[in-house]
1. Quick one: is Gly125 among the small types (Gly, Ala, Ser), farther than 21 Å from Tyr246 by Cα and not in a helix (DSSP H, G or I)?
2. Looking at the structure I just gave you, is Tyr236 of a type outside the set (D, E, K, R), surrounded by 13 or more Cβ atoms within 10 Å (Cβ to Cβ) and farther than 18 Å from Arg192 by Cβ?
3. Taking Asn131, is it surrounded by 15 or more Cβ atoms within 10 Å (Cβ to Cβ) and closer than 24 Å to Val276 by Cα?
4. Between Leu26, Leu52, which is under 26 Å from Phe238 (Cβ atoms) and either surrounded by fewer than 22 Cβ atoms within 10 Å (Cβ to Cβ) or modelled with pLDDT of 85 or more (or both)?
5. Kindly indicate whether Arg252 is within 22 Å of the chain's Cα centre (by Cα) and surrounded by 18 or more Cβ atoms within 10 Å (Cβ to Cβ).
6. Against the definition (hydrophobic (A, V, I, L, M, F, W, C) and farther than 29 Å from Leu281 by Cβ), how does Val180 come out, yes or no?
7. Here is a check on your reading of the model: is His190 in contact (Cβ under 8 Å) with a residue 12 or more places away in the chain, under 17 Å from Thr265 (Cβ atoms) and touching a Cys at 6+ places or on another chain (Cβ under 8 Å)?
Amino acid sequence: MNKKVQYGGMAVIEGVMMRGPEKIALAVRKTDGSIELEEEPVSDLPVRYSFLKWPLIRGTYVLIDSMVVGMRMLNKSANMSLDEEEEELSAGEIFITGLLAFVLAIVLFVALPTAIVHYTSQFLGGVLIQNIVEGIIRIFFFLAYVWAIGRMQEIDRVFMYHGAEHKSIFTYEAGEELTVENTSKYTTLHPRCGTSFILIVLIISILVFALLGEGNLFYRIWSRIAVLPIIAGLGYEFLKFSGKYYNNRWARILIAPGLYLQKLTTREPDDSQLEVAIAALKAVIPGEKTEDCVEIAKG
């Protein structure tokens with residue numbers, strides 16, 4: 001078993017997507033109780049363009065690639081989980097859904113906090129104080145958003161699959177056989193989780209945005225959008241670095257806030273959800289075999 005390979009994934013509708021060095025696997029629990037598994041090769045762009053592996057740049061690439069792949073897998077899982085008689089989402093509906101989600105994120109986490117601070121700046125003092133307040137507002141909006149969507153039954157199940165994803169990866173990294181019994185004993189909180197990445201980005205943005213100075217509202221909003229790739233790159237490097245030294249006490253202290261935040265985005269999964277996560281992870285590990293009951297389709 002090659003422990004140098006770091007596997008990761010994401011929770012989707014009634015399933016889990018796992019990503020390895022060579023392929024992506026999407027496992028979804030069907031309404032009849034079976035697990036459907038689809039596989040596809042990982043993009044070879046970083047192989048063809050080596051600069052995409054450079055520090056800072058790789059973080060931006062990973063973020064964009066993860067967003068594109070993640071949205072596609074979410075919509076694919078939604079279609080896979082439907083009954084045969086239910087109508088699948090069209091390409092147009094998928095595009096509109098993704099566009100609306102992107103616009104909502106920009107408005108809620110960039111434009112609105114920036115506008116609030118811009119129109120109250122005379123009460124806040126210098127640029128650094130303004131950006132600290134803006135960052136606090138942005139973090140509050142994020143926490144409120146995650147808490148709110150977590151109250152929805154469908155999203156609550158996604159959070160359960162998120163926990164299953166983390167548990168299965170922990171089991172693999174511990175060198176244990178990928179079984180439900182082994183997987184169930186591990187925590188749902190993982191140091192390389194995307195939730196931790198978002199919190200890191202929100203904190204780093206406070207410092208980076210402070211360097212942009214003041215200006216009119218238009219400048220404030222678009223300058224923040226423009227430097228998001230830089231912030232993403234810094235956040236990714238921090239996440240990789242802290243994850244590498246996770247067993248050291250100082251690293252655990254640094255990543256503790258991100259782990260605590262995962263309590264909002266993960267739930268304890270049941271055995272059937274662990275089975276789905278295990279099937280997805282086994283599909284991307286060379287030499288591993290999925291169970292016979294899993295229906296495999298090449299993407």
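1. Working: among the small types (Gly, Ala, Ser): yes; farther than 21 Å from Tyr246 by Cα: yes; not in a helix (DSSP H, G or I): yes.
Taking the combined requirement at face value, the residue satisfies it.
2. Numbers: of a type outside the set (D, E, K, R): yes; surrounded by 13 or more Cβ atoms within 10 Å (Cβ to Cβ): yes; farther than 18 Å from Arg192 by Cβ: no.
For Tyr236, the condition - of a type outside the set (D, E, K, R), surrounded by 13 or more Cβ atoms within 10 Å (Cβ to Cβ) and farther than 18 Å from Arg192 by Cβ - is not met.
3. no
4. Values: Leu26 fails: under 26 Å from Phe238 (Cβ atoms).
That would be Leu52, the only listed residue that is under 26 Å from Phe238 (Cβ atoms) and either surrounded by fewer than 22 Cβ atoms within 10 Å (Cβ to Cβ) or modelled with pLDDT of 85 or more (or both).
5. So Arg252 fails the test.
6. no
7. On the way: in contact (Cβ under 8 Å) with a residue 12 or more places away in the chain: yes; under 17 Å from Thr265 (Cβ atoms): yes; touching a Cys at 6+ places or on another chain (Cβ under 8 Å): no.
For His190, the condition - in contact (Cβ under 8 Å) with a residue 12 or more places away in the chain, under 17 Å from Thr265 (Cβ atoms) and touching a Cys at 6+ places or on another chain (Cβ under 8 Å) - is not met.
Table: residues versus (1) surrounded by 18 or more Cβ atoms within 10 Å (Cβ to Cβ); (2) touching a helix residue (DSSP H, G or I) at 6+ places or on another chain (Cβ under 7 Å); (3) farther than 23 Å from Ser121 by Cβ.
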site	(1), (2), (3)
His190	yes, yes, yes
Phe197	yes, yes, yes
Phe209	yes, yes, no
Ile221	yes, yes, no
Ala226	no, no, no
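The values are calculated or read from the model by the stated rules, or taken from the named source; none is laboratory data. Just so we're clear, the structure is a prediction, and the values are computed from it rather than from any experiment. Virtual Cβ from ideal backbone geometry, glycine too; neighbours counted across all protein chains shown.
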